[in-house]
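**Student:** The structure is given below, and queries will be raised subsequently.
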Amino acid sequence: MSTQSGIVADQALLDSLNENLSADGAVVVVAKISPDSTSVHQLEVVRDLEQLVQLASQNKEPLYIFYKPQEAAKYFFVSFIPDGSPVRSRMLYASTKNTLARQVGSNSLSTEQPLVTNAQDLADLKDFDRDHSAAHNNKPLTQDEKMQIEINKQQAILRKNNSVRLVSQDSASPLSLTFKVNSEKPISDIFSDDGNNLIIFQIDPTDETIQIAVSETCPSVDALHIDLPGPSYTIFRHNGSNFFIYSCPSGSKVKDRMIYASNKNGFMNYLKNDQKIAFSRVVEVGDFVELDKSTLMASKEDDIEHGPVSNQPNTGSLKFNKPRGPMRKRRT
């Protein structure tokens, strides 16, 4: 089983896929992982394979391609991984593919999910269109197939009109992540109006909302302390920079661990897009004592694209002696 990256599709991409699923004619939705590696977003929507080939030829990075032939009710989910693309990108796209497929839903995707490494080979996707047209013209749809097409259309409408709450262990993977933060004012106003620089959030499992557990002023990095039962999300502002700390202490329930891990990227996207809070650094720790506070000394120019900071001690300068082999017998 491959490792999951934790990257999820943004709402705009999912809405576009739902809308274009019932569109007349062939349609191609092209998506890629965002530069900060937190979400999959739509790059472009094209109507013919020639445009797709031209677009893919201009990209040296991998792409996700959702191709719906004319009169088809499902997408062919294509992974475009060009030869020579960076190894890190290959790994990210491979580890995100299953999560993305689950978000879109099996009712919207064909079982055929080809891998293409050459942009010119994308023109061969027309064979899927030809095969589908032949099957459609030569074989009448059964009642079950007609019902499935109608179900797909109705589900697309429902997904578009209804928001989905946080990921839980009691429901299937959602198409989108929306957040209701229990606060009377925007989070950015808590920083500016109240003068606080430390906000700690926890998820209330009863209604799956994110609650503000702590909101206070922390005078310095050394004074920072998180002492709450269970996992938490923390925003700490220091010297004009914002830091996101995801803490999951030992002894936390397995369900809590999975809920917080599943929603971390979605919550960060909410803070970034809705609350306009940019982070200089993202830190992940187990128990709070593991936090290396020197990572919170970053300047404003530091970028989230560097990825989460590991709090393991730097062992780059440590040297290990080569173990000695067994003693040889001396000759007499």
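The values are calculated or read from the model by the stated rules, or taken from the named source; none is laboratory data. Just so it is clear, the model here is predicted, and its values are computed rather than measured. For neighbour counting, all protein chains shown are included, and Cβ atoms are generated from backbone atoms with ideal geometry for every residue, glycine included.
**Student:** What number of residues within the stretch 250-283 are in contact with a strand residue (DSSP E or B) (Cβ under 7 Å, 6 or more places away or on another chain), of a type outside the set (Val, Ile, Thr) and over 21 Å from ILE33 (Cα atoms)?
**Tutor:** Adding up the residues that qualify gives 1.
**Student:** Which numbered condition in (1) modelled with pLDDT under 60; (2) among the hydroxyl-bearing types (Ser, Thr, Tyr); (3) touching a strand residue (DSSP E or B) at 6+ places or on another chain (Cβ under 6 Å) is the only one that SER247 fails?
**Tutor:** (1)
**Student:** Still on this structure, I have one more. In the stretch 33-66, how many residues are crowded, with 21+ Cβ neighbours inside 10 Å, in a strand (DSSP E or B) and either on the phi > 0 side of the Ramachandran plot or under 16 Å from the mean Cα position of the chain (by Cα) (or both)?
**Tutor:** Of the residues in that region, 5 qualify.
**Student:** Which one of ASP36, ASP83 is modelled with pLDDT under 90, farther than 29 Å from ASP274 by Cβ, outside the structural domain of GLY266 (by TED's automatic domain parsing) and charged (D, E, K, R)? I'd like the intermediate steps shown before the answer.
**Tutor:** Working: ASP36 fails: farther than 29 Å from ASP274 by Cβ.
Checking each option against the conditions leaves just ASP83.
**Student:** Of the conditions (1) crowded, with 16+ Cβ neighbours inside 10 Å; (2) among the charged types (D, E, K, R); (3) in contact with a Phe, Trp or Tyr (Cβ under 8 Å, 6 or more places away or on another chain), ASP227 fails just one. Which one is it?
**Tutor:** Failed condition: (1).
**Student:** A follow-up question, please. Can you work out which of the residues in the stretch 112-135 that are of a type in the set (Asp, Glu) and part of a helix (DSSP H, G or I) is modelled with the lowest pLDDT? So that I can check it myself, show each step before the final result.
**Tutor:** Going through the stretch 112-135, the residues of a type in the set (Asp, Glu) turn out to be 112, 121, 124, 127, 129, 131.
Keeping just the survivors that are part of a helix (DSSP H, G or I) gives 121, 124, 127, 129, 131.
Values: ASP121: 86, ASP124: 83, ASP127: 71, ASP129: 56, ASP131: 44.
My answer is ASP131.
**Student:** Quickly run through the stretch 203-218 and pick out the residues that are in contact with a helix residue (DSSP H, G or I) (Cβ under 9 Å, 6 or more places away or on another chain), part of a strand (DSSP E or B) and not hydrophobic (A, V, I, L, M, F, W, C). If you could, list the steps in order and put the result at the bottom.
**Tutor:** Going residue by residue through the stretch 203-218, those that are in contact with a helix residue (DSSP H, G or I) (Cβ under 9 Å, 6 or more places away or on another chain) are 203, 205, 208, 210, 212, 215.
This time we only want the ones that are part of a strand (DSSP E or B), so: 203, 210, 212, 215.
Listed by number, the list holds a single entry, SER215.
**Student:** Further question on the same structure: Determine whether TYR233 is at pLDDT 85 or above, in the same structural domain as ILE200 (by TED's automatic domain parsing), touching a strand residue (DSSP E or B) at 6+ places or on another chain (Cβ under 7 Å) and outside any strand (DSSP E or B). Reasoning before the result, please.
**Tutor:** Working: at pLDDT 85 or above: yes; in the same structural domain as ILE200 (by TED's automatic domain parsing): yes; touching a strand residue (DSSP E or B) at 6+ places or on another chain (Cβ under 7 Å): yes; outside any strand (DSSP E or B): no.
Taking the combined requirement at face value, the residue does not satisfy it.
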